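Enquirer: Got a structure for you, questions after.
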Amino acid sequence: MSICAVVMAGGSGARLWPLSRAAHPKQFLSLHGDDTMLQATCKRLSGLDAQRPITICNQEHRFFVAEQFRKIDELGSIILAPVGRNTAPAIALAALTAKDDPLLLVLAADHVIRDEAAFREAVIRAIPLAEAGKLVTFGIVPNAPQTGYGYIKRGIDLGDGFEVDEVVEKPSLVAAKDYISSGEYYWNSGMFLFRASRYLEELEKFRPDILEKCKLSVNELKADLDFLRVHKETFESCPAESVDYAVMEKPADAVVVPMDAGWSDIGSWSSLWDIS
């Protein structure tokens, strides 16, 4: 089964102001290497059996996305979200518009991954789990007790991954040190792999209100040049929720696959300094 990357490109990158601004956030900048972060996100899929990506962005950034993809010949579907409603509705829009029920590889457009071979290896290990109906999250092997990330506690060993025992919020420094010393926790990367229909099943089970609004929004989908516009008023009425809260913290089928790939979300000036 092929993979369809879902690239979340709607962030504002406010913590890197003034380099990253609402009108030109960090995912459209070249902060690590020659490519922009958006371009690098798509290029690291090279070698995987991946379709052209589905990208979710806002109205104001649509031409940045289209032009940057054209430069690397990766132009796929670009869904314009009229307002930000967090990741659970955005992924639902992608799942509802994806063709042939693919595995959705959910990626943020503003992450740095220095070891791309290790990234692809982790994705390949996760594919059989996702094909079997699991909802996979990628857990970053931590190298320090960071308080700026959420954590995932691993449970039963499944071979290529672990059952998710617990998803925890950003901890205190004392708690983070305990997590690291236990060896049982990973940083929550915000990257996922699951079948489109499987995600929609879980959303219908736990947040049918979100799914209903997203279905209505795409029922009136309109093509506009390179872009797909969802129904504005309907999507504006959709509840805002993260995929972690809406789905990943709840199902018994959530699994974590470790990834040790030089990952950073460049969430601050200090993290940009660290990778430079």
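Laboratory data are not the source of any read-out in this text; all were calculated from the coordinates shown. The model shown is predicted, which means the values in this text are computed figures rather than measured ones. Here Cβ is always computed from backbone atoms with ideal geometry, including for glycine, and neighbour counts include all displayed protein chains.
Enquirer: Given C-alpha coordinates of the chain, what is the ratio Rg to Rh with the Kirkwood estimate of Rh?
Expert: Numbers: Rg = 17.7 Å, Rh = 18.8 Å.
Ratio of gyration radius to Kirkwood radius for the chain: 0.94.
Enquirer: For the chain, set up a Gaussian network in which alpha carbons nearer than 10 Å are linked by springs, and say which option among Leu221, Leu203, Leu45 fluctuates the most.
Expert: Sorting by GNM fluctuation, first place goes to Leu221.
Enquirer: Rounded to the nearest 500 deg cm²/dmol, what is the calculated helix-only ellipticity per residue at 222 nm for the chain, with -39500 (n - 2.57) per DSSP H run of length n ≥ 4?
Expert: Numbers: 9 runs with 89 residues, N = 276.
Using -39500 (n - 2.57) per qualifying helix, the result is -9500 deg cm²/dmol.
Enquirer: With each pseudo-label sitting 7 Å past Cα toward Cβ, what's the Gln59-Ile72 distance in nm, one decimal?
Expert: 2.8 nm
Enquirer: Here's a follow-up. Please figure out what share of the DSSP beta bridges in the range 3-275 is antiparallel and state it in percent, rounded to the nearest 5.
Expert: On the way: 24 of 48 bridges.
Antiparallel bridges: around 50 percent, rounded to the nearest 5.
Enquirer: Next question, about the same structure. Taking θ as phi - 60°, what are the ³J(HN,Hα) couplings along the range 131-144 by the Karplus curve (6.51, -1.76, 1.60), each to the nearest whole Hz, with x for Gly and Pro?
Expert: Running phi through 6.51 cos²θ - 1.76 cosθ + 1.60 with θ = phi - 60° gives 5, 7, x, 6, 9, 9, 10, 9, x, 7, 5, x, 10, 6 Hz.
Enquirer: Using θ = phi - 60° and the Karplus form 6.51 cos²θ - 1.76 cosθ + 1.60, what ³J(HN,Hα) does each residue of the range 235-249 get, whole Hz, x for Gly and Pro?
Expert: Running phi through 6.51 cos²θ - 1.76 cosθ + 1.60 with θ = phi - 60° gives 5, 4, 8, 6, x, 8, 7, 7, 5, 4, 5, 6, 10, 5, 7 Hz.
Enquirer: Sticking with this one: Test of understanding: extend the Cα→C-beta vector of Asp34 to 7 Å, then name every residue of the range 51-70 with backbone N under 17 Å from that spot.
Expert: 68-70
Enquirer: With a cut-off of 8 Å between alpha carbons and a minimum separation of six or more residues, what is the relative contact order of the range 3-275 in percent?
Expert: On the way: 558 pairs, mean separation 69.1, N = 273.
Here the relative contact order equals 25 percent.
Enquirer: Order of Phe194, Phe119, Phe138 from fewest to most other C-beta atoms within 10 Å?
Expert: Sorted ascending by nearby Cβ count, the order is Phe119, Phe138, Phe194.
Enquirer: To the nearest 20 debye, what is the magnitude of the charge dipole of the range 3-275 about its Cα centre, counting +1 on the Cβ of each Lys and Arg and -1 on the Cβ of each Asp and Glu? Intermediate values should be presented prior to the final figure.
Expert: Numbers: 29 positive and 39 negative charges, 119 e Å.
Result for the range 3-275 is approximately 560 debye, rounded to the nearest 20.
Enquirer: Could I ask something else about it? Positive end of the charge dipole of the chain (Lys, Arg +1 and Asp, Glu -1 on Cβ, about the Cα centre): tell me which of Leu45, Ser181, Phe227 has its Cα farthest that way.
Expert: Farthest along the dipole direction, towards plus: Phe227.
Enquirer: Spelling out what I want: for every residue of the range 210-225, take phi, set θ = phi - 60°, compute 6.51 cos²θ - 1.76 cosθ + 1.60 (Karplus), and round to whole Hz; glycine and proline get x.
Expert: Using θ = phi - 60°, the values come out as 5, 4, 4, 5, 5, 4, 5, 5, 8, 4, 10, 4, 10, 7, 9, 6 Hz.
Enquirer: Summing Lys, Arg as +1 and Asp, Glu as -1, what charge do residues with Cβ under 12 Å from the Cβ of Leu211 carry, Leu211 excluded? If you can, show how the numbers build up before the last one.
Expert: Values: positive: Lys205, Arg207, Lys213, Lys215; negative: Glu201, Glu202, Glu204, Asp209, Glu212, Glu241.
Local net charge: -2.
Enquirer: Also: Show the residues, 5+ positions off or on another chain, whose built amide H is closer than 5 Å to the amide H of Ala5.
Expert: Hits under the 5 Å cutoff: Gln51, Ile54, Leu105.
Enquirer: According to a simple spin-label model (label point 7 Å from Cα along Cα-to-Cβ), what is the distance in nm between Ser172 and Ser2?
Expert: 5.1 nm
Enquirer: Rounded, prolate or oblate: which fits the range 188-231 when a ≥ b ≥ c are the square roots of the eigenvalues of the alpha-carbon gyration tensor, with rounded for a/c under 1.5 and prolate only if a/b beats b/c?
Expert: Numbers: a/c = 2.60, a/b = 1.44, b/c = 1.81.
Verdict is oblate for the range 188-231.
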